[in-house]
Amino acid sequence: MSHLSKKYGVITGASQGLGMAFAKELASQNLNLILVSLPGQQLAQKASQLMQEHDVEVLFYETDLTVKENVITLCQWLNAQFDIYLLINNAGVGGTRRFTEASVQYIDTILQLNVVATSLLTHQLLPNLLKQPQAYILNVSSMAAFSPIGYKTVYPASKTFIHSFSRGLSEELKKTGVVVSVVNPGAMATNEDTCKRINKLGFWGRLTLLQPEKVAGYCIKKLFKKDRVIMVNPWSWLAMVLLPIWIKLPVLSNNIKKEIQ
Ligand SMILES: NC(=O)c1ccc[n+]([C@@H]2O[C@H](COP(=O)([O-])OP(=O)(O)OC[C@H]3O[C@@H](n4cnc5c(N)ncnc54)[C@H](OP(=O)(O)O)[C@@H]3O)[C@@H](O)[C@H]2O)c1
């Protein structure tokens, strides 16, 4: 069945955490959605619950986005069946390891999901988005985009890529109907692991902790107002921008090192 008479928002990493918070926020605004997540995340039940709670259509697609062919197949399905007016590239992974102790798979997963899947999904869905009178792309970066951090190393670099990629694309598309925004959240209480990790960072870690529902609500409001850079932690952002690298790099790295001690 073709769904081309309706418009849909696509959210990756939508089964939990910030992705699910985006889904709830958009469903509450009566926007039709396609949720994308890894298999085995009870996505069908979560989609049907959203449909029961809100007057919207919520479809779902389960796939591993670290596999390039899966990304292409997903985009072919989306382009053939749907008018897409919104893409949220939310799926992303990180980790804290000594680089010498990281496995090939650890490095590859971060790069494939955060960098390659974000770029390819955007590239493959852009013709569809450009066909709409108004469309939006929201890329989820991180506060980690604003400084290298030892013991994380690959993750901040991947988020710097997302920030730079989003700003460049936004400039390229500024005379079209597609708005490209990037958000750089600090720590969020999205899952048990993240909360445990943040607790290890002590007072400062907990002080800046954000709730994903608040982040999602704020981001969607700013996105629809066409803000290209969305700041959810303005004070942390200011500190990151003002502090010279010779201060922030060792301070952040020493703090993060506590996670692996
Ligand atoms: N939590 C934080 O403190 C924080 C801070 C700054 C930025 N961020 C960013 O915010 C975004 C969401 O973070 P989160 O904390 O809500 O997520 P999370 O709980 O850490 O889970 C990782 C996310 O990536 C998705 N994912 C993981 N492997 C995948 C794969 N192979 N294929 C497809 N999707 C995959 C997961 O989606 P499914 O389980 O639905 O498949 C999930 O949404 C990420 O980009 C993250 O880097 C998080």
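Please treat every number below as a calculation from the coordinates, not as lab data. Everything numeric in this text was worked out from a predicted model, so none of it was measured. Cβ placement follows ideal geometry from the backbone for every residue including glycine, while neighbour counts extend to all protein chains displayed.
When ranked by the protection proxy of mean other Cβ atoms within 10 Å per residue, highest first, what sequence do the peptides 79-88, 95-104, 247-256 form?
Averaged packing, sorted descending, gives the order 79-88, 247-256, 95-104.
Using per-residue counts of other Cβ atoms within 10 Å, averaged over each peptide, order 21-28, 217-224, 40-47 from highest down.
21-28, 217-224, 40-47
In nanometres, what is the gap between the two model label sites at Q211 and W235, each 7 Å from Cα along Cα-to-Cβ?
1.9
Suppose R0 equals 41 Å. What FRET efficiency, 1/(1 + (r/R0)^6) with r the Cβ-Cβ distance, do L249 and M51 give to the nearest 0.05?
0.30
Sorted from fewest to most neighbouring beta carbons within 10 Å, what does the list H3, H54 look like?
Working: H3 15, H54 18.
Going from least to most buried by this count: H3, H54.
To test your reading of the geometry: what angle, between 0 and 90 degrees and rounded to tens, separates the Cα axis of helix 43-53 from the longest principal axis of the chain?
70
Which shape class applies to the stretch 34-94: rounded if a/c is under 1.5, otherwise prolate when a/b exceeds b/c and oblate if not, where a ≥ b ≥ c are the square roots of the Cα gyration tensor eigenvalues?
In terms of gyration-tensor shape, oblate.
With a/c under 1.5 counting as rounded, go ahead and sort the chain into rounded, prolate or oblate using the C-alpha gyration tensor (a ≥ b ≥ c being the square roots of the eigenvalues; past the cut-off, prolate if a/b is larger than b/c, else oblate). Intermediate results must be reported in sequence, preceding the final value.
Working: a/c = 1.67, a/b = 1.58, b/c = 1.06.
Prolate is the answer for the chain, as a/c is 1.5 or above and a/b outweighs b/c.
Taking only Cα atoms, what is the 0 to 90° angle, nearest 10, from helix 17-28's long axis to the longest principal axis of the chain?
Relative to the chain, helix 17-28 is tipped by roughly 30 degrees.
Over the stretch 113-196, what is the relative contact order in percent, taking alpha-carbon pairs closer than 8 angstrom and at least six residues apart?
35
To the nearest 500 deg cm²/dmol, what mean residue ellipticity at 222 nm is calculated for the chain from DSSP H runs of n ≥ 4 alone, each contributing -39,500 (n - 2.57), summed and divided by the residues?
After summing the helix terms and dividing by residue count, I get -15000 deg cm²/dmol.
Given the Cα-Cα distance of R167 and K6 and 0.36 nm per residue of separation, how much length would full extension add, in nm?
Values: separation 161, 0.36 × 161 = 57.96 nm, distance 2.91 nm.
Net length gain for the segment: 55.1 nm.
How much length, in nm to one decimal, is gained on full extension between K174 and E101, taken as 0.36 nm per residue of separation minus their Cα-Cα distance?
So the extension gain works out to 22.0 nm.
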